[in-house]
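*Asks:* To start, I am sharing the structure in question, which I have written as structure tokens.
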Amino acid sequence: MRLILLGAPGVGKGTQGALLAERFGIERVSTGDLLRDAVRRGTPLGRNAKRYMDAGELVPDPLILDLVREVLSTADSGFVLDGFPRTIPQAEGLDELLGELSIALDAVMVLEAPDEVLIKRISGRRSCPRCGAVYNIHFEPPAAPEVCDRCGTELVQRADDDADTVVRRLEVYHAQTRPLVDYYERTGRPVRQVDGGQPVDTVQDSISAVLAA
Ligand code: AMP
């Protein structure tokens, strides 16, 4: 199974991607997670990417394409792409890579939700810096406020989840990433739309129904 999850920040790509990866035994490739890991480790890529990420801007395409090339070349059992591609040049780069690997996409899954819903979700998002567990103080709060249920560590908010940066990230999505829906339709790929504003289980059921059809 080879899928792209396309959608704005906060629409649930990470959550749905993790569920799909587990269900189909495929690799979830999140360029956001890979970049945050590079920033944490202080690698040259991380040092370069950080200023773009903190400003809610996109990291330059060549850096992203190098990163993805490395990961996809070894994802033999399939993959779900979360947060990549985000620009037309990235989509073209991915097509080239898929051609080299002689593989095709099974679906481009587009998750949609109104910006107001996304802003509320993102503002409530918290994660555990130790074990990576993710919560939402509005919808899936931890048992004790701001403390991880699993390991008791104090939860943190992602630096780019603050209100101003979120607005910029949504603008960037509408200007640069949403046009990929047209790109994939124009080039004859199976594009499927799912309402990402519903609860997690409902969205997962919708995705399953679409994949089974
Ligand atoms: P995410 O976790 O997917 O929301 O990504 C967080 C941030 O990482 C984005 O706001 C960008 O700065 C950067 N990023 C992640 N994926 C990409 C990508 N495919 N192209 C460019 N920048 C990216």
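The values are calculated or read from the model by the stated rules, or taken from the named source; none is laboratory data. Since we're looking at a predicted model, the values are computed, not measured. When we count neighbours, we look across all protein chains shown, and the Cβ atoms used for this are built from the backbone with ideal geometry, even at glycine. The protein model used for the area step is the full one, side chains on, heavy atoms only, and it has no ligands, DNA or RNA in it. Shrake-Rupley method; radii C 1.70, N 1.55, O 1.52, S 1.80 Å.
*Asks:* Between residue 193 and residues 5 or more places away or on another chain, which pairs have amide H atoms under 5 Å apart, with H built 1.01 Å from N, and which residues are they?
*Replies:* Here the answer is 110, since their amide H atoms fall under 5 Å of that of residue 193.
*Asks:* May I pose another question? Of the accessible area of the stretch 1-80, with the probe set at 1.4 angstrom, what percent is carbon plus sulfur? List each step's numbers first, then the result.
*Replies:* Values: 1910 of 3710 Å².
Roughly 51 percent of what the probe reaches on the stretch 1-80 is carbon or sulfur.
*Asks:* Build a GNM of the chain with springs between Cα atoms under 10 Å: which of 125, 186, 51 gets the top mean-square fluctuation?
*Replies:* 186
*Asks:* Only four residue types carry charge here, +1 at the Cβ of Lys and Arg and -1 at the Cβ of Asp and Glu. Report the dipole size of the chain about the Cα centre in Debye, rounded to the nearest 20.
*Replies:* Taking the Cα centre of the chain as origin, the dipole is about 380 debye.
*Asks:* Still on this structure: If you take the alpha carbon radius of gyration of the stretch 19-90 and divide it by 2.2 N^0.38 Å, what ratio comes out, to two decimals? Don't jump to the answer; show the numbers that get you there.
*Replies:* Working: Rg = 12.6 Å, N = 72, 2.2 N^0.38 = 11.2 Å.
Rg over 2.2 N^0.38 Å, computed on Cα atoms: 1.13.
*Asks:* Note down the net charge around residue 28, summing +1 for each Lys or Arg and -1 for each Asp or Glu among other residues with Cβ under 10 Å from its Cβ.
*Replies:* On the way: positive: 13; negative: 22, 27, 33, 82.
So the surrounding residues net to -3.
*Asks:* Give me the mean projected area, in nm² to one decimal, of the convex hull enclosing the Cα positions of the stretch 93-213.
*Replies:* Result: 9.7 nm².
*Asks:* Hey, can you find the accessible area per residue of the chain for me, probe 1.4 Å, expressed in square angstrom?
*Replies:* With all protein chains present, the chain gives 50 Å² per residue.
*Asks:* Would you kindly state how much longer the chain becomes between residue 104 and residue 133 on full extension, computed as 0.36 nm times their sequence separation minus their alpha carbon distance, in nm to one decimal?
*Replies:* Taking 0.36 nm per residue and subtracting the Cα distance, the gain is 7.2 nm.
*Asks:* Residue 48 to residue 164: extension gain in nm, 0.36 nm per residue of separation minus the Cα-Cα distance?
*Replies:* That pair, residue 48 and residue 164, stretches by 39.6 nm at full extension.
*Asks:* Applying 1/(1 + (r/R0)^6) with R0 = 35 Å to the Cβ-Cβ distance of residue 144 and residue 176, what FRET efficiency is obtained, to the nearest 0.05? Walk me through the numbers on the way to the answer.
*Replies:* Working: r = 39 Å, r/R0 = 1.12.
Working from the Cβ atoms, E equals 0.35.
*Asks:* Measure off, as a whole percent, the carbon and sulfur share of the 1.4 Å-probe accessible area of the stretch 84-213, all protein chains present. Show your work: numbers first, answer last.
*Replies:* Numbers: 3540 of 6850 Å².
Answer for the stretch 84-213 is 52 percent, counting heavy atoms of protein chains only.
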